[in-house]
Amino acid sequence: MARMSGATWRPISINFTKGGQDEVRGVVVHIMVGTLPGSDSWFRNPKAQASSHFGTGKTGALYQWVDTKDRAWAQANGNRTWISVENEGQGGDTLTTAQLQRNAEVLAWAHKIYGVPLQVASGPAGRGLGWHGMGGAAWGGHTSCPGSKIVAQLPEIVRRAKAIVGQADTPAPDTTDTYTVKAGDTLSAIGRKLGVKWEDLAAVNGLRPPYAIAPGDKLKVPGRKPSTPAPKPADTRPVVDLSKLIEAAKTNPPMATRTVTYSGVRTVKAALVRAGLLVATDTDGHMGVRAVKAYAAWQRRCGHTGQAADGIPGLSTLSALAAKYGFRVTG
């Protein structure tokens, strides 16, 4: 017995085959052309000769009518190997956000219970999330079910299902290359020639059954690995620790004998020399009186006055000096 927790169990007693589900290749999306209550009533009518495993309402209701060990009657030859979800609405509709989420929950559940892959199915022989029309005549000829707008939403259902089960979304294949279709080409022949699966060619180009292509068509070719970006070059600029620089500046003036030697001082003093504020001979590791006065001049050049131009380095003025003369600031 396989009933989905979270779905409202609304069992029907007719219009299905008990124990008739051979396997579950995936989940097939349908449109009701009606309402959820209407379908609930219709599936209980002997004249219907139809049913579905699940059904959604526009506001988020989720019914389960048929146990997935049993065969619902939703897509003719696809009934034995696919489970079905009918969705409230009309042809030409899109699924509501609530319906997208409910379909994703069904797909995630089928993934957990039956190992259904979280992908859009390539066709009746594929696996994953399918739609009624993909089966063509063998599935009843309902090629407009559930409609192109809902088919376009299938990748979003897959994305939501992946989020439910905690899978990271797989990046779309790189499609830098193209192939121009020639007379006599088929997708399978092109796939063999290029070394890619024809199903991937169909998926990346949005092709649906009967997978029609014509000479002159340009097909995107999946499977090319994106180039690895070049690593960023290492930042070799000198580093000045602001906290150590402040300590050096505060310790020296006016008692020059209390010196604090710090290699970053040389970098700052060299920048002050380049700025024309300090003599070139004063580039040792001591932040002495002349260096403090020179830094005060740099602060004034940056627009500071009074106590804000006291020669004690601050983050904004040191960052400005670093940006102009090529070093980095930490601390």
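The values are calculated or read from the model by the stated rules, or taken from the named source; none is laboratory data. Note that the structure is a prediction, hence the values are computed from the model and not measured. Heads up, the Cβs are rebuilt from the backbone with ideal geometry, glycines too, and the neighbour counts pull from every protein chain shown. For accessibility, only protein heavy atoms count, side chains too; no ligands or nucleic acids. Shrake-Rupley method; radii C 1.70, N 1.55, O 1.52, S 1.80 Å.
Tell me which residues, restricted to the range 62-80, are within 17 Å of VAL106 (Cα to Cα), in a loop (DSSP other than H, G, I, E, B) and open to solvent by 30 Å² or more (accessible area, probe 1.4 Å).
Hit for the range 62-80 is LYS69, nothing else.
Is it the case that the range 124-134 has a residue that's among the charged types (D, E, K, R), open to solvent by 40 Å² or more (accessible area, probe 1.4 Å), assigned to a helix (DSSP H, G or I) and in contact (Cβ under 8 Å) with a residue 40 or more places away in the chain?
no
For VAL204, only one of the following conditions fails: (1) open to solvent by less than 30 Å² (accessible area, probe 1.4 Å); (2) within 22 Å of the chain's Cα centre (by Cα). What is its number?
The number of the failed condition is (1).
What residue, of THR257, THR317, THR305, is hydroxyl-bearing (Ser, Thr, Tyr), open to solvent by 70 Å² or more (accessible area, probe 1.4 Å) and at pLDDT 90 or above?
THR305
Within the range 59-80, is there a residue that is at positive phi and touching a Ser or Thr at 6+ places or on another chain (Cβ under 9 Å)?
Checked the range 59-80: at least one residue is at positive phi and touching a Ser or Thr at 6+ places or on another chain (Cβ under 9 Å).
If the requirement is being open to solvent by less than 70 Å² (accessible area, probe 1.4 Å), in contact with a strand residue (DSSP E or B) (Cβ under 7 Å, 6 or more places away or on another chain) and either part of a loop (DSSP other than H, G, I, E, B) or among the aliphatic types (A, V, I, L, M) (or both), which of these qualifies: ALA291, ALA296, ALA322?
Just a single option satisfies the conditions, and that option is ALA322.
Hey, GLU105 hits all of (1) within 19 Å of PRO146 (Cα to Cα); (2) touching a Gly at 6+ places or on another chain (Cβ under 8 Å); (3) open to solvent by 40 Å² or more (accessible area, probe 1.4 Å); (4) in a loop (DSSP other than H, G, I, E, B) but one; which does it fall short on?
In the conditions (1) within 19 Å of PRO146 (Cα to Cα); (2) touching a Gly at 6+ places or on another chain (Cβ under 8 Å); (3) open to solvent by 40 Å² or more (accessible area, probe 1.4 Å); (4) in a loop (DSSP other than H, G, I, E, B), GLU105 misses (4) alone.
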